[in-house]
Amino acid sequence: MSAETVVINEVGLRDGLQNQPTPVPTEGKCRLAELLVDAGVRHMEATSFVSPKAVPQMADAGELIASLPRPDEVEYAALIPNEKGYERALEAGVRSVNVVLSATDTMNRKNIRMSLDETREVCKRIIARAHADGVRAHGYVAVAFECPYEGKVPLERVVDLTGEMFDNGADEVIIADTIGAAAPTAVYEGFTALASRFDVARLSAHLHDTRALALANSWAALQAGVRRFDSSIGGLGGCPFAPGAAGNTATEDLVLMLEQCGYRTGIDVPRLLDAVNLAAELTGRELGGRMLPWFLTRNKACAGDTDARAQSG
Ligand code: COA
Ligand code: ZN
């Protein structure tokens, strides 16, 4: 039996860089994208078309989209909060947009200054426009497990909002644990419920590692049938409008786990680590998933073996 494929959507350039105190220049973002593509990444959320006053790190969205590498081979998506964002994205040539709706009213207001009901209407209109324009449209359901303002989110509400996104024509719905508060039990229960009602191939998991549970939560989602995941190179990530949100699942950890378990991601871990190094250089931060120390020690040991063999023979 051939290995099952898992789709990895790299979100470091958007979710990761939106929150960095040092803005990364467009050219640096492109170099990072290039290393990710070289490692085998074929799906990327590259930027967001949001207010540059609200998120200055994404102010170069249009310029970035125009200069990303190998656009014919890679699905580059952009997050958009409203119709103005959609129009900017369309003009920049984006072919895949992610609308964003939070599962609570307070989070919608804090994030994009609209009520939940207004956001539902905006998402509906944007998805319809995207379809008319031949653009793929994905919908986030953010704070799907717990909201930093309203606490635990009822699963039924997430099911209803997901259903509405699909009814509106979303090609995919991304269920996000935006602040990394979910436990594997809740993730399994949530995705099992969603998978019983919707096509699981069109559901995706976006998990944060705030409580060191992102990988366990990814495994729980995988067991519930999910085969699409957002993750972030080096574990970059966090939302400026959701207090307590830390980095996403590190792409290198997720890919290593999946490949070790026999799934196929098409991504090469050692090459991914070149992207981790560049992301660390660009942000001036120490980055890297939990597998990094093991990988570096193993590499050193392998290099040592090679030296010893060279000397002895
Ligand atoms: N892109 C760029 N500028 C935008 C914009 C967009 N998508 N939407 C609105 N603006 C501009 C308006 O043109 C206006 O500009 P001006 O002050 O020069 O006239 C200004 O922003 C205010 O417009 P308004 O419609 O009143 O927006 P707002 O102040 O209510 O802000 C958002 C709403 C959504 C634009 C803003 O909250 C935002 O960008 N938030 C970012 C959310 C985010 O990135 N979250 C993390 C990822 S989920
Ligand atoms: Zn996120």
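The values are calculated or read from the model by the stated rules, or taken from the named source; none is laboratory data. Every value quoted in this text rests on a predicted model; they were computed, and no experiment measured them. Neighbour counts are summed over all protein chains in view; Cβ atoms, including those assigned to glycine, are modelled from backbone coordinates with ideal geometry. Quick note on the areas: whole protein, heavy atoms, side chains included, nothing else; ligands and nucleic acids left out. Shrake-Rupley method; radii C 1.70, N 1.55, O 1.52, S 1.80 Å.
Does segment 185-208 contain at least one residue that is at pLDDT below 95, open to solvent by 30 Å² or more (accessible area, probe 1.4 Å) and either within 16 Å of ligand 2 (Cβ to nearest atom) or under 25 Å from Leu36 (Cβ atoms) (or both)? No. Listed conditions (1) surrounded by 21 or more Cβ atoms within 10 Å (Cβ to Cβ); (2) in a helix (DSSP H, G or I) are all met by Glu63, apart from (1). Considering each residue of segment 148-168 in turn, none proves to be touching a helix residue (DSSP H, G or I) at 6+ places or on another chain (Cβ under 6 Å), closer than 19 Å to Ser48 by Cβ and buried (at least 16 other Cβ atoms within 10 Å of the Cβ). In summary, Arg136 fulfils each of the numbered conditions (1) over 19 Å from the mean Cα position of the chain (by Cα); (2) among the basic types (Lys, Arg); (3) away from ligand 1 (no atom under 16 Å from the Cβ) with the single exception of condition (1). Considering only residues in segment 1-29 that are β-branched (Val, Ile, Thr) and within 19 Å of Val41 (Cβ to Cβ), the one that is nearest to ligand 2 (Cβ to nearest atom) turns out to be Val11. Taking each residue of segment 202-222 that is touching a residue at least 12 places away in the same chain (Cβ under 8 Å) and looking for partners that are away from ligand 2 (no atom under 14 Å from the Cβ) and polar (S, T, N, Q) with beta-carbon atoms closer than 9 Å, six or more apart or interchain, yields Leu203/Thr162; Ala220/Thr185. For segment 40-53, a tally of residues being away from ligand 1 (no atom under 16 Å from the Cβ) and surrounded by fewer than 23 Cβ atoms within 10 Å (Cβ to Cβ) returns 3. Scan segment 169-184 for residues that are open to solvent by less than 10 Å² (accessible area, probe 1.4 Å) and among the acidic types (Asp, Glu) and the total you get is 1. Residues that are in contact with a strand residue (DSSP E or B) (Cβ under 7 Å, 6 or more places away or on another chain), in contact (Cβ under 8 Å) with a residue 12 or more places away in the chain and within 16 Å of Ser51 (Cα to Cα) within segment 100-111 comprise Val100, Asn111, listed in sequence order. Selection of segment 54-77 for residues being more than 22 Å from Ile126 (Cα to Cα) and within 10 Å of ligand 1 (Cβ to nearest atom) yields only Gln57. Number of residues in segment 25-50 that are among the hydrophobic types (A, V, I, L, M, F, W, C), within 16 Å of the chain's Cα centre (by Cα) and assigned to a helix (DSSP H, G or I): the value is 4.
Note on segment 13-24: among residues that are outside any helix (DSSP H, G or I) and without any contact (Cβ under 8 Å) to a residue 60 or more places away in the chain, the one that is most open to solvent (accessible area, probe 1.4 Å) is Pro21. Is it fair to say Ala128 is buried (at least 16 other Cβ atoms within 10 Å of the Cβ), in contact (Cβ under 8 Å) with a residue 12 or more places away in the chain and within 28 Å of Tyr76 (Cβ to Cβ)? Taking the combined requirement at face value, the residue does not satisfy it. A count restricted to segment 78-96 and to residues that are open to solvent by less than 10 Å² (accessible area, probe 1.4 Å), closer than 18 Å to Arg42 by Cβ and either near ligand 1 (Cβ under 7 Å from one of its atoms) or outside any strand (DSSP E or B) (or both) stands at 1. Within segment 209-234, being closer than 25 Å to Asp274 by Cα, buried (at least 24 other Cβ atoms within 10 Å of the Cβ) and of a type in the set (A, V, I, L, M) holds for Ala214, Ile233. The set of residues in segment 75-102 being in contact with an Asp or Glu (Cβ under 9 Å, 6 or more places away or on another chain) and of a type in the set (D, E, K, R) consists of Arg95 alone.
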